[in-house]
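What follows is a single structure, written as structure tokens, with notes after it.
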Amino acid sequence: MTGVERTEDRPVTTVDAHAHAWSPQTARARFRAGLTGPTAGVAAGHTQANLIAVPADWAYDMLLFCQRNPKPCPVLDVTDAGASTTVLAEGADLRTDLPRYRVWQDGELVDEPTDARAYWRDDLVSFLLGCSFTFEWALARAGVPIRHVEQGRNVPMYVTGRACRAAGRLRGPMVVSMRPVPPEHLGAAIRESSLLPAVHGGPVHCGDPAALGIEDLGRPDFGDPVTVAAGEIPVFWACGVTPQAAVTASRPPFAITHAPGQMFLTDARDEQYRLVGVD
């Protein structure tokens, strides 16, 4: 399996037992103060976003990569060079308000800080991409179990053998997240996520992981393994960690990203990205 190098697993922890009831402002303040951990279920009802910031001379390549690969890279916002703010969250700071960051140099992961200010540059253009945590409210409402939330784990993510469409200097494999779904809930999982194309939309594959080049569901490349009960179907959605796989494959001189599963909490409501008039 090719792509981003697997790093040592951290102990499985949940951010806070009451994190689902936090406002996004409270969540960002807690992360700014140093709290870390997976953000699935945090500030329930509010849109979460992946982050990748690249030098301005790589920004067009990244924008084109996102345009050509909208399933894993749905763009919610793009900042001006050097800006650390976004229209998605008033008063937020992209350098401090995520639980954990990743810093990349020449395609190599060099640090995973909880505060990125020491690495921030005036030429960085930030891309905020839709995250599948956003549609989990719709799945849960439709009765679809969310195993990683139930088990207090980060969602499992896998580097696939499916190549993204190259763009300029950027290339790399698609990364997917996986949720096991009982057969009787599969239709609802597909329908509800498909109504939210801005946050990855419907699955890219259901069933045999080998069809995506995934050898072992018990060994995700990012996140934590979750229990798949007998008869449940592994369902795979395109994942916003895909740009990190492109960073590894394409080796830009510098980039800052979110740590997988540790997202940026926006002020936007999940319903804002749901297609209307379609049920």
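The values are calculated or read from the model by the stated rules, or taken from the named source; none is laboratory data. Predicted model only: the values in this text are computed from it and were never measured. Because the Cβ atoms are built from the backbone with ideal geometry, glycine has one as well, and the counts that use them run over all protein chains shown. These area figures cover heavy atoms from the full protein model, side chains too; ligands, DNA and RNA do not enter into them. Shrake-Rupley method; radii C 1.70, N 1.55, O 1.52, S 1.80 Å.
Restricting to region 158-169, what's the tally of residues that are open to solvent by 10 Å² or more (accessible area, probe 1.4 Å) and in a strand (DSSP E or B)?
Matching residues across region 158-169 total 3.
Looking at region 170-279, what strands (runs of 3 or more DSSP E) fall wholly within it and have at least 1 residues that are open to solvent by 30 Å² or more (accessible area, probe 1.4 Å)?
233-238, 264-269
Restricting attention to region 201-236, which residues are among the acidic types (Asp, Glu) and over 18 Å from ASN154 (Cα atoms)? Full working, then the answer.
Step one: list which residues in region 201-236 are among the acidic types (Asp, Glu), which gives 208, 215-216, 221, 224, 232.
Listed by number, the residues that qualify are ASP208, GLU215, GLU232.
Would you mind stating whether ASN50 is open to solvent by 10 Å² or more (accessible area, probe 1.4 Å), closer than 21 Å to PRO252 by Cα and either touching a residue at least 40 places away in the same chain (Cβ under 8 Å) or out of contact with any helix residue (DSSP H, G or I) (no Cβ under 8 Å at 6 or more places or on another chain) (or both)?
No; evaluated as a whole, the condition is false for this residue.
For GLY41, work out the one condition from (1) modelled with pLDDT of 95 or more; (2) surrounded by 16 or more Cβ atoms within 10 Å (Cβ to Cβ) it doesn't fulfil.
Result: GLY41 fails condition (1) only.
If you take the residues of region 34-89 that are acidic (Asp, Glu) and touching a strand residue (DSSP E or B) at 6+ places or on another chain (Cβ under 6 Å), which of them is farthest from PRO113 (Cα to Cα)?
ASP61
From the set of residues in region 108-132 that are in a loop (DSSP other than H, G, I, E, B), more than 19 Å from the chain's Cα centre (by Cα) and not aromatic (Phe, Trp, Tyr), which is surrounded by the most Cβ atoms within 10 Å (Cβ to Cβ)?
ASP123
For residues that are assigned to a loop (DSSP other than H, G, I, E, B) and hydrophobic (A, V, I, L, M, F, W, C), scanning just region 87-107, find the one that is surrounded by the fewest Cβ atoms within 10 Å (Cβ to Cβ).
VAL87
Which residues, taken from region 181-215, are in contact with a helix residue (DSSP H, G or I) (Cβ under 8 Å, 6 or more places away or on another chain) and charged (D, E, K, R)?
Scanning region 181-215 gives GLU192, GLU215.
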